[in-house]
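Read the figures in this text as sums done on the coordinates, not as results from a lab. Worth saying up front: this structure is predicted, and the values here are computed from it rather than measured. Because the Cβ atoms are built from the backbone with ideal geometry, glycine has one as well, and the counts that use them run over all protein chains shown.
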């Protein structure tokens, strides 16, 4: 091992210690390049974006919470159906002409809408905040976990995205 160090130090006119330091630096640089290119690293911004998305979509919620949400949703649907069957002229929220502005709605406002429970209201508030506090179209809500096309159609009956300020 001392032979190649002596040969290089003589040819480059540097000391043995300098040759060893240069060899170590080169080794670290080569190792870093190999490590970065061979392993699937993600950019920090991409990881933050994934975490934010998981936060409002609830993709990390466990099955117990999902089961509780389904049970709660069934109860809400049953109550809503009972109210509608008793008095079809009354709307449990507001008249259809008085839609709730989703861009200004509070957590409590959202809870009054049929089909929205505590978990969904929380997701909607977090999603609206994630989108900068203002939604531009109802189709953006399809990104929220638990909202499919049929549920979105139902929500459109009670919500609006008007740009009027409070």
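Numbers at a glance
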read-out: Per-peptide average of other Cβ atoms within 10 Å, ordering 114-121, 9-16, 99-106, 144-151 highest first; value: 114-121, 99-106, 144-151, 9-16
read-out: Full-stretch length increase - residue 148, residue 25 - with 0.36 nm per residue and alpha-carbon distance subtracted; value: 38.7 nm
read-out: Extension gain from residue 37 to residue 9, taking 0.36 nm per residue of separation minus the Cα-Cα distance; value: 6.9 nm
